[in-house]
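The structure under discussion appears below in the form of C-alpha cells.
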Amino acid sequence: MKKAYLVLQNGRIFEGKRFGADGDTVGELIFSTGVVGYMELLTKPAAAGQIIVGTFPVTGCYGTQSEDEQSQVSPAAFIVRSVCETPSNFRSEGTLSDWMEKKGIVGLCDIDTRALTAIIRDEGAQIAAVSDSADAALALIDGFKGLPVGAGCKEGYTVKAENEKFKVTLVDLGVEKYVINELTKLGCTVKVVPQNTAATEILADKPDGVFISDGPGDPTDNKDLLRVLAGLLGKVPVFAVGLGHLAAALALGGKLVTLKSGHHGANQPVAYLKGTRTYITTQHHRLAVDAESLRGKGMPLFVNRNDNTNEGMEYAVFNAMTVAFSPDKVTSHQDTGFLFKKFIEMMEG
C-alpha cells in the first residue's frame, strides 16, 4: 500500500496508507458511527462531497454486495483504522478495496480514527484533503468550493407499482433506491423528477402525494428548491426526509441551526413525540430545524435523544410530514418504516 496524507483545515496531518482508488481529493470531514452498512454509506447521495471517517476499528469484514448499493453517487473519500482484505460472508462479491477502486472512491487506512473523531467532535466538521503531498493537500483545501446541494437525477423517470393505488411524484435531491422500492410495494407508482422541476408542473400531473428526498448540502441558498416547496405545501400531501425536511422548514419561514459534528451513522436514537417509543435511526446531516421558529405552523414530531435537537415536524395545516432521518423499510412495528404507511394515510385523506 502506498503512503498518503490526510491534511485537516486546522493544520493537523495524518499519515496513512492508500486503498481503493488512487488520486487526490478534498471534502468536508465528518465521522460516521455505523458498525455495519458501509455499502449503503458509500453510495448514499447525502454523503456527496464528504470525507467520511469510520469509527468502527475494522471495515470490510463482510465484503461487498451490489444489491446493497443505493445510488451511483459516492463521497470524496473513506478513512478507516483497518480494512479487511479477506472478507467472509455468503453474499460477498469481493473486497471493499477492489470495489472502491472500481467506483473511484479514495480510501486511507492505518489512520488513528479515534483521534480524528475526537477532533471533529470537539472542533466540529471541517475541510480536509487527501494527497501524496501535504502541500498539495493544503492547496486543495484552499480551493474547496463547498458541498453540492442535491445530487439527484437530471432527467425524470417513472417506476410503476404492480397494483397501483396512488400516484406519487418524488422530487429527487439524491434519493436512495430503497425509498422507491418501499413506495412501490405500498402501491405507489413513482414519478421521479429533478429538483428544479416547477411546482406548477408537478401539480399539473395531479399526484396523490409528493415525496421530497434526502440529499447533500445546505438548502439555504437554493432558492429554486425553496420555491418548489413553497408551491407544493398545502396543495398536496407532502412527505419530506433529510435535505427535504430542512428545505420544507425554510420554505415555511423557519430557521436552521448548525450542529457541531452532526448526526452521522445508523445508531441515532430519536423519540417519537406522538407515542412512547425511541427508535434507532440512520442519519446523515449537520443542520437541524429550529422548531421554535415554526411555532404556529408545525409541531415537533421527533427529537434526538442524545442532544434534544429536532428530528421531525408535522405540519397538519399543510398536510405535510418531515423527518431528518432515513425511514426504515416497512418490516415491523419496531422500525420507522411506519412513516411510509402514514404517508399512505395522508394520501387517503
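Nothing in this text is a laboratory measurement; each read-out follows from the coordinates by a stated rule. Treat the numbers as computed from the prediction; the structure is a model and nothing was measured. Please note: Cβ atoms are built from the backbone with ideal geometry, for glycine as well, and neighbour counts cover all protein chains shown.
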- [ ] Please report the Cα spread of the range 116-192 along all three principal axes, rounded to whole Å, starting with the longest.
- [x] 57, 29, 19
Open item on the list: Taking the beta-carbon count within 10 Å as an exposure proxy, list Ser133, Ser293 from fewest neighbours to most.
Closed with: Ser133, Ser293
Open item on the list: Let's test this: bin the Cα-Cα distances of the chain at 20 Å from zero up to the farthest pair and state each bin's percent.
Closed with: 31, 57, 12
Open item on the list: Modelling each spin label as a point 7 Å along the Cα-to-Cβ direction, I'd like the Arg295/Val36 distance in nm, to one decimal.
Closed with: 4.5 nm
Open item on the list: Quick query: amide H of Lys165 versus all other amide H atoms, modeled in the peptide plane; which residues come in under 5 Å with a sequence gap of 5 or more or a different chain?
Closed with: Cys188, Thr189
Open item on the list: For the pairs Lys167/Lys206; Lys44/Lys274; Lys44/Lys103, flag any whose C-alpha to C-alpha distance is greater than 19 Å.
Closed with: Lys44/Lys274
Task: log10 of Debye I(q)/I(0), alpha-carbon scatterers only, for the range 3-142 at 0.13, 0.14 Å⁻¹ - done: -0.49, -0.56
Open item on the list: Apply the Karplus curve 6.51 cos²θ - 1.76 cosθ + 1.60, θ = phi - 60°, to the phi angles in the range 88-103 and return the couplings in whole Hz, x for Gly and Pro.
Closed with: 9, 6, 5, 8, 5, 10, x, 7, 5, 4, 5, 5, 5, 5, 5, 7
Task: J(HN,Hα) series, the range 170-175, from Karplus relation 6.51 cos²θ - 1.76 cosθ + 1.60, nearest Hz, glycine and proline x - done: 10, 7, 8, 9, x, 6
TODO: List, in order, the whole-Hz ³J(HN,Hα) value for each residue of the range 151-161 obtained from phi through the Karplus relation with A = 6.51, B = -1.76, C = 1.60 and θ = phi - 60°; use x for Gly and Pro.
DONE: 8, x, 6, 8, 10, x, 7, 10, 10, 7, 8
TODO: Sort the range 157-348 into rounded, prolate or oblate with this rule: let a ≥ b ≥ c be the square roots of the eigenvalues of the Cα gyration tensor; rounded if a/c is under 1.5, and if a/c is not under 1.5, prolate when a/b is larger than b/c, oblate otherwise.
DONE: oblate
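Pairs of alpha-carbon atoms within less than 8 angstrom and 6+ residues apart define the contacts here; what relative contact order does the chain have, in percent? Provide the component values of the computation, followed by the final result.
Values: 904 pairs, mean separation 51.6, N = 349.
Rounded, it is 15 percent for the chain.
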Task: Zone of Thr86's modelled label, taken as backbone nitrogen in the range 31-72 under 20 Å from a point 7 Å along Cα→Cβ - done: 57-64
Task: Translational diffusion coefficient (Stokes-Einstein; Kirkwood radius from C-alpha pairs) of the range 179-288 at 20 °C, 1.002 mPa s, in µm²/s - done: 139 µm²/s
Open item on the list: Please list, in order, the residues from the range 54-82 whose amide nitrogen is less than 20 Å from a point placed 7 Å along the Cα→Cβ vector of Glu101.
Closed with: 59-66, 74-82
TODO: Give the distance, in whole Å, between the Cα centre of the range 63-108 and the Cα centre of the range 111-166.
DONE: 16 Å
Task: Estimated distance in nm for a label pair at Lys17 and Glu155, the labels positioned 7 Å out from Cα along Cα-to-Cβ - done: 4.5 nm
- [ ] Could you pull out the longest piece of the chain with no exposed loop GluC sites (Glu not before Pro) in it, calling a site exposed if DSSP puts it outside H, G, I, E, B and it has at most 16 other Cβ atoms within 10 Å?
- [x] 165-349
Task: Computed lengthening from Asp221 to Asn163, 0.36 nm per intervening residue step minus Cα-Cα distance - done: 16.9 nm
Task: Amide H within-cut-off set for Phe31, under 5 Å, with H built and near neighbours excluded - done: Val53
